[in-house]
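Contents: one structure, followed by commentary.
The values are calculated or read from the model by the stated rules, or taken from the named source; none is laboratory data. Just so it is clear, the model here is predicted, and its values are computed rather than measured. Here the Cβ is made from the backbone with ideal geometry for all residues, glycine too, and neighbour counts use every protein chain on show.
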Amino acid sequence: MHNTVTKKLHEFPPPSKHPEVTIYLCGLTTYDYAHLGNMRGPILFDVFRKFLVEIGYRVKFITNFTDVDDKVIQRAKETDADYSQLARKFTREYLLDLTALGIEHADLYPKVSYHIQDIIDYVKVIIDNGYAYESNGNIYFDVPKFHADKGTYGKLSRRNIDEMVTECRIEADENKHDQLDFALWKADSENGWESPWGKGRPGWHIECSLMSTKYLGTSFDIHSGAIDLKFPHHENEVAQAEAHSGTGTFAQVWMHYEFVNWKGGKLAKSGESFAVRDLFEKYDVETIRQFILSAKYRSPIDFSDERMEEVKKSRARIDNFFFEVRRQLGESIEESRHNLINKLGNPHEKKNMSDAELKVFSEVESFAEKFLDDLCDDFNTQGALSRVFEIVNPANTLINAPDLSDTGREIANLAYLEILWAGSILGLFNDERDELMQITAANKVLGIGGIVSDSKGEAEKLLEERQKLKGEKKYKEADAVRDKIIELGFEVRDTPDGPVLKPVE
RNA sequence: GGCGACGUGGCCAAGUGGUAAGGCAGAGGUUUGCAAAACCUUCAUCACCGGUUCGACUCCGGUCGUCGCCUCCA
C-alpha cells in the first residue's frame, strides 16, 4: 500500500496485524444528495474489504456521517428546514444510494450528533494536556505550541509551518491566538449543546479523531479520505489525536484517493454537479462501479458519457461470453471452481488436452493469482480488471470452436467461474439472476415501480415466424420481423444450433 | 507564493532498469443469406532537454504543460 506520509509503498497489512485490519474512511457531510465523487471512496473500500477478506483478513470498517456542521445548518436555513431533520434525510438517502450501488454496509456509521459528550470529554483532555485554549466560548487548538513540542505539524501534508503563517489564506480571527489555530469547539447559542464552555458544537476535525479512535483504538491501520482532506482536515486530526493520546501513533497508513472530475473540473456539491442517483436512469450500477475501478485510486478520473459508453461496451463482451457459456452448458454447468480446477489440473487430464486447450487452461489456471497480485500491488483495480479480459478472449475462442470438446467446454466453464469469482470481489459481473435485483434496488431509490413486461413470449413467436420466412428465403420479410424483435428489447443471434434471443440492456 | 499529483498509441488506462497489459475506436480477414456475436491480423518507443548506466519510458536534474490543495469541497 502507498502511504501518504512516506510517499512510499509499504507491506500491508503488517504481519503482526493478522488477522484483523481496521479502517476508517472520512464520510459525508449530510446536507445534499451524494454525487459520484462521494461514491469513489465507498466503492473503492467495498472492493478493498472484499479483497482483504478473500486473502484471509477480518476487516473492521467504519465511516462517519458529519451531521453537525456549518453547511448543514446553512442549508437548513436556506430551505427553512430543521437542521437535524435535514441531516437525517440526507443520511437516509445516502444509505439508499450505497445500497443501490451494491456497497456492503460498514460495520458502523458513527454520527457526530451521537458523540457530543464524547467530543466534549476529548476536548477537555486536549486542554488539560495544554494544547488547546478557550476564547469567548470557543476552543482552539494551539498549533504553534503543539508544533514546538512535537515538531510534527505539517508532516502529513508536507507543509512548512513557518511559511504557512505568512502565505496562508486563513482569515485572521480575533479569538484565535494564531492564524493557524483551528476550532475544536465553536460557540453557538442557537444550534449548540451545553458544555463547560457554554452552548456550542464541535469543530469539523475533532469528530474524526474521536470517532476513529473510540471505535478502532488509539492506533489503527488505515485512515482514508479524498485527497482534498489531506490538509487541513487530516493534518488536524493527527494533531488532535496526538495531543490527546500523547503518543505519535494514530493511523498507520494514510490512503488518499483522487477526485472524480467532470468537464475538466472536479465534481463538488458547491460547484456544477449531479447526484449519483441521476446516473441510475442511464447506467446500471455495475457500469458505474466498473468506471470507478477502471483507474487507480491515486489518479483523478474523468467522468463523461463517452467513458461510460466505453465501459458498457467492454462489459458487453463479458456478458456475451457468459451468455454463450450458459447457452451451451445449460444444466451441465459446474458450479464449483475448485472441483473443476482439481479435475482439469491433474496430469492425466492435461495429457489428453489439445495444445490449444492446454494453452487456454494454463491461462485460466493462473488467472486468480495474477488477479490477486494486481490488487496486492497498491490495490491496482485497473490491472486486475484487465486480467478478466485476458481470459475472455481465449475462452471465447474455445467455446465458439466448431469442434468444441467436453474438455474445452469444461475449461470455458472454469473461465466463467473464475470471472464470477473475480466479480464477487469487484462487485461486478453478476449474472442475470442478480441483475434484476440490482435494477430493482436502483429503481427503489428513484421511486420507479418495477414493472417488467412479458415481451419474451412475443419475441419468441416472432422468432419462429422469422425462421419460417428464412426457410422460404424471404429474407426481406425475415429482416423486418427481426427489427420487430429488436424493438421488443432482444437481439437475435444465429448460432449453429439455431437462433437464440439475447435480452438487450 | 507554498505544497502535492500527473503528462504512455486516435481516445481511456496499467506497467517496468533490458526493447510497452487491457478497454474503446479504426483498418483488413474468417464465419454469416444479411446482420449480430465471436475469433484472427494490424495500429505507440512512453511531453521536451540534459545526466547516470553496458542499457531508461522506467533513476537524477532542468524545461514546458495539465490538474488539485493551501477557503469546514469526497
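So A:N400 clears everything in (1) touching a residue at least 60 places away in the same chain (Cβ under 8 Å); (2) under 17 Å from A:S424 (Cα atoms); (3) surrounded by fewer than 15 Cβ atoms within 10 Å (Cβ to Cβ); (4) not charged (D, E, K, R) except one condition, right? Which one?
Result: A:N400 fails condition (2) only.
Given region A:50-163, what helices (runs of 4 or more DSSP H) lie entirely inside it while holding 1 or more residues that are of a type in the set (S, T, N, Q), within 30 Å of A:E286 (Cα to Cα) and in the same structural domain as A:P19 (by TED's automatic domain parsing)?
On the way: elements: A:70-79, A:83-100, A:116-128, A:143-150.
Filter on region A:50-163 gives A:83-100.
Just give me the residues in region A:5-35 being part of a loop (DSSP other than H, G, I, E, B) and surrounded by 12 or more Cβ atoms within 10 Å (Cβ to Cβ), in sequence order. Explain how you work it out, then say what you get.
From region A:5-35, those part of a loop (DSSP other than H, G, I, E, B) are A:5-7, A:10-14, A:18-19, A:30-34; that's our starting set.
If the condition is that a residue be part of a loop (DSSP other than H, G, I, E, B) and surrounded by 12 or more Cβ atoms within 10 Å (Cβ to Cβ), then A:V5, A:H10, A:F12, A:P13, A:P14, A:T30, A:Y31, A:D32, A:Y33, A:A34 are the ones that fit.
Could you check, for region A:38-49, whether at least one of its residues is within 14 Å of the chain's Cα centre (by Cα) and more than 16 Å from RNA strand B (Cβ to nearest atom)?
Yes, region A:38-49 has at least one match.
Suppose we filter A:A295, A:A316 for residues that are touching a strand residue (DSSP E or B) at 6+ places or on another chain (Cβ under 8 Å), under 17 Å from A:L428 (Cα atoms) and either outside any helix (DSSP H, G or I) or within 7 Å of RNA strand B (Cβ to nearest atom) (or both); which single one remains?
Working: A:A316 fails: touching a strand residue (DSSP E or B) at 6+ places or on another chain (Cβ under 8 Å).
Result of the check over A:A295, A:A316: A:A295.
Applying the selection to region A:374-425, what residues are among the aromatic types (F, W, Y), more than 7 Å from RNA strand B (Cβ to nearest atom) and within 13 Å of A:V364 (Cα to Cα)?
Initially, region A:374-425 is screened for residues among the aromatic types (F, W, Y), giving A:379, A:389, A:416, A:421.
Adding the requirement that they be more than 7 Å from RNA strand B (Cβ to nearest atom) leaves A:379, A:416, A:421.
Answer for region A:374-425, where residues must be among the aromatic types (F, W, Y), more than 7 Å from RNA strand B (Cβ to nearest atom) and within 13 Å of A:V364 (Cα to Cα): A:Y416, A:W421.
The rows are residues; the columns are (1) under 20 Å from A:Q290 (Cα atoms); (2) at pLDDT below 95; (3) among the aliphatic types (A, V, I, L, M).
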| residue | (1), (2), (3) |
| --- | --- |
| A:Y31 | no, yes, no |
| A:G37 | yes, yes, no |
| A:F45 | yes, no, no |
| A:R49 | yes, no, no |
| A:T63 | no, no, no |
| A:A76 | no, yes, yes |
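Which one of the conditions (1) in the same structural domain as A:Y153 (by TED's automatic domain parsing); (2) at pLDDT 95 or above; (3) among the polar types (S, T, N, Q) does A:T247 fail to meet, given that it meets all the rest?
(2)
So A:K176 fits all but one of (1) modelled with pLDDT under 95; (2) surrounded by 17 or more Cβ atoms within 10 Å (Cβ to Cβ); (3) closer than 25 Å to A:S212 by Cα; what number is the exception?
If we test A:K176 against (1) modelled with pLDDT under 95; (2) surrounded by 17 or more Cβ atoms within 10 Å (Cβ to Cβ); (3) closer than 25 Å to A:S212 by Cα, just (3) comes out false.
Which one of A:S362, A:S424 is closer than 21 Å to A:L52 by Cβ, in a helix (DSSP H, G or I) and polar (S, T, N, Q)?
Values: A:S362 fails: closer than 21 Å to A:L52 by Cβ.
Sole residue among the options that is closer than 21 Å to A:L52 by Cβ, in a helix (DSSP H, G or I) and polar (S, T, N, Q): A:S424.
Is there a residue being modelled with pLDDT of 95 or more and within 20 Å of A:L293 (Cα to Cα) anywhere in region A:396-418?
Yes, because at least one residue in region A:396-418 is modelled with pLDDT of 95 or more and within 20 Å of A:L293 (Cα to Cα).
When only residues in region A:475-503 that are in a loop (DSSP other than H, G, I, E, B) and more than 9 Å from RNA strand B (Cβ to nearest atom) count, which is surrounded by the fewest Cβ atoms within 10 Å (Cβ to Cβ)?
Taking region A:475-503 and keeping what is in a loop (DSSP other than H, G, I, E, B), we get A:488-489, A:496-497.
Next, only the ones that are more than 9 Å from RNA strand B (Cβ to nearest atom) stay: A:488-489, A:497.
Values: A:L488: 17, A:G489: 14, A:D497: 8.
Looking at the filtered set, the residue picked out is A:D497.
May I ask you to list pairs of residues, at least six apart or on different chains, whose Cβ atoms are under 7 Å apart, with the first in region A:457-471 being farther than 16 Å from A:K502 by Cβ and the second being charged (D, E, K, R)?
A:L469/A:E477
Does A:W254 satisfy the criteria of being under 27 Å from A:L267 (Cα atoms), among the aromatic types (F, W, Y) and either in the same structural domain as A:S84 (by TED's automatic domain parsing) or surrounded by fewer than 20 Cβ atoms within 10 Å (Cβ to Cβ) (or both)? Write out each step before concluding.
Values: under 27 Å from A:L267 (Cα atoms): yes; among the aromatic types (F, W, Y): yes; either in the same structural domain as A:S84 (by TED's automatic domain parsing) or surrounded by fewer than 20 Cβ atoms within 10 Å (Cβ to Cβ) (or both): yes.
Yes: the conditions hold for A:W254.
Please go through region A:36-67 and pick out each residue that is of a type in the set (G, A, S) and surrounded by 21 or more Cβ atoms within 10 Å (Cβ to Cβ). Explain how you work it out, then say what you get.
From region A:36-67, those of a type in the set (G, A, S) are A:37, A:41, A:56; that's our starting set.
Answer for region A:36-67, where residues must be of a type in the set (G, A, S) and surrounded by 21 or more Cβ atoms within 10 Å (Cβ to Cβ): A:G37, A:G41.
Are any residues in region A:179-196 more than 11 Å from RNA strand B (Cβ to nearest atom) and crowded, with 20+ Cβ neighbours inside 10 Å, and if so, which ones? First the steps, then the outcome.
Within region A:179-196, the subset more than 11 Å from RNA strand B (Cβ to nearest atom) is A:181, A:189-196.
The answer is A:D181, A:S195.
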